[in-house]
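Down below is the structure, laid out as structure tokens.
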Amino acid sequence: MRLRSILAVAGATAALIATSAAPGLADSRGAAQGAGSGSAARTLGVTASQALPALRQNAHVVGRDNGQSAGYGGRSVWIFDDTILRDPDGFLSNSGATTTDLDASDGIDLTSDNPFTLDSSAAPGELMPLTAAETAFQKAHAQPCATGDEYCGTVFGLWPGPVVADPARHRIIFSYGKLCRGAPDGTPCASGFVGTPLGTGFAQLDMRTHKVSRIDVVHPDPAVTGVGPEGNDPALMFAPGKDFGAGSMVLHDGMIYAYGRCDTAANSCALARVPAGQIQDRLAWRYYAGPGADGGQVWSADPDAAVTVGAGNGPAGSTVQYVPALHGYLDTYMGLFDNVAHYQTAPEPWGPWTAAKPMFTGLPTNTLWDYAMFAHPEYSRRGGLTQYFTYYRPEDGSQQLVRVDFDVTRG
């Protein structure tokens with residue numbers, strides 16, 4: 001299994017956010033008040049936490065990490081990263097599932113073999129298939145290799161990240177990181193700990209046609225799309241180290257707010273935004289460059305102008321969501337190497353974010369630490385004050401489930 005956030009520690013992740021600012025402007029001003037206005041006087045506290053039964057998954061699944069989800073049409077749709085299978089044995093770099101079980105109080109049944117139907121008769125398959133160019137490249141460099149082949153044994157991995165529902169366009173959107181790995185040390189696709197990152201893109205599940213597709217970039221940056229060893233990849237939006245959307249994404253009032261370029265050790269990410277309907281257009285993106293002199297915000301067309309906003313991020317990412325009872329935003333993640341789940345709040349996606357506080361501690365493990373803790377807002381109750389979280393336990397390959405109850409007080 002892999003740790004997405006290690007790439008963030010080694011490389012840096014980035015933040016995305018959707019906006020209606022017109023493309024081509026050097027910067028744009030945001031209103032001083034937003035969806036979370038009025039919540040600055042409210043604070044959130046944990047009143048109880050409860051460990052629940054682990055996810056009940058497809059019988060062929062041995063284990064899979066990084067499970068993130070979104071609600072759509074009376075169902076919860078889940079997307080996972082590295083997936084180990086049995087009967088027959090197999091390994092996938094991504095997979096998906098769906099369920100109509102939206103009451104998590106007694107656990108969650110998630111046995112389907114795909115993200116569109118409730119069929120559980122087969123083993124899950126690869127959610128995001130390789131392109132013809134990627135497949136051909138792998139075949140050309142499969143072992144045994146020609147002498148001196150620096151790409152010998154190279155395979156591609158596609159690791160899904162944050163998931164948001166976009167019902168206006170009948171789809172679910174998620175970010176993904178592309179990497180290559182398996183080649184000898186010291187070569188362009190050496191594995192290292194997790195592989196060599198190639199960039200970040202976005203994919204979608206069409207909930208009407210049941211088609212999974214990577215979203216080709218409009219106005220692409222050739223320095224990003226041409227970085228792959230197999231040649232041009234038209235779906236890569238961001239270069240490694242500028243992977244906005246890899247940390248977390250939240251869609252509110254038609255805008256995707258996304259976090260990335262995260263520094264896990266420093267507990268902070270940068271932020272960007274884009275209208276959900278223009279996520280594919282690189283020139284429609286705007287990057288939070290700090291507060292403006294007029295009390296608003298500065299949104300720049302230059303990703304290098306993005307500043308960190310104080311939203312924390314765990315080794316595999318975090319979940320940022322809008323909480324109605326708070327009239328603001330909740331950021332939740334599991335700490336690096338410590339198994340402790342944290343939370344913090346803000347009136348707006350850009351902050352100011354409160355200091356992180358502990359929610360609960362994951363189960364002890366004799367192998368690796370627990371990681372990849374995510375909230376699942378479609379299961380929340382009481383206006384978001386009852387939340388359900390999963391985290392991956394490498395000890396046994398399970399997705400553990402925890403309920404946390406909050407209360408709101410006015411400062």
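For region 352-393, what does the alpha-carbon gyration tensor say about shape, rounded, prolate or oblate, given a ≥ b ≥ c as the root eigenvalues, a/c under 1.5 as rounded, and a/b over b/c as prolate?
Cα axes put region 352-393 in the oblate bin.
Pull out a ≥ b ≥ c, the square roots of the eigenvalues of the alpha-carbon gyration tensor of the chain, then state rounded if a/c is under 1.5, prolate if not and a/b is larger than b/c, and oblate in the remaining case.
Since a/c reaches 1.5 but b/c is at least a/b, the shape of the chain is classed as oblate.
Using amide H atoms built in the peptide plane, which far-off residues or other-chain residues are under 5 Å from TYR371 H to H?
TYR392
Multiplying the sequence separation of ALA142 and ASP304 by 0.36 nm and subtracting their Cα-Cα distance, what value in nm do you get?
Stretched out fully, the ALA142 to ASP304 stretch lengthens by 54.5 nm.
Among all the lysines, which ones have a C-alpha under 23 Å from LYS178's C-alpha, if same-chain residues fewer than 8 places away are not counted?
LYS139, LYS211, LYS242
So who's got an amide H within less than 5 Å of the one on HIS252, skipping anything under 5 residues away but keeping other chains? H placed 1.01 Å off N, in plane.
Distant-sequence amide H within range of HIS252: TYR257.
Does region 301-390 come out rounded, prolate or oblate, given a ≥ b ≥ c as the square roots of the eigenvalues of its C-alpha gyration tensor, rounded meaning a/c under 1.5 and, failing that, prolate meaning a/b above b/c?
Taking the square roots of the gyration eigenvalues as a ≥ b ≥ c, region 301-390 is oblate.
Taking only protein heavy atoms into account and a 1.4 Å probe, give the accessible area per residue of region 261-320 in Å².
For region 261-320, the per-residue accessible area is 29 Å².
Can you compute the FRET efficiency between ASP294 and ALA223 using 1/(1 + (r/R0)^6), with r the Cβ-Cβ distance and R0 = 30 Å? Round to the nearest 0.05.
Rounded to the nearest 0.05, the efficiency is 0.30.
Which of the peptides 286-296, 382-392, 176-186, 310-320 is most tightly packed, and how do the rest follow, judged by the mean count of other Cβ atoms within 10 Å per residue?
Answer by packing, highest mean first, reads 310-320, 382-392, 176-186, 286-296.
The values are calculated or read from the model by the stated rules, or taken from the named source; none is laboratory data. Predicted model only: the values in this text are computed from it and were never measured. Please note: Cβ atoms are built from the backbone with ideal geometry, for glycine as well, and neighbour counts cover all protein chains shown. What goes into the accessible areas is simple: the full protein's heavy atoms, side chains included, and nothing from ligands, DNA or RNA. Shrake-Rupley method; radii C 1.70, N 1.55, O 1.52, S 1.80 Å.
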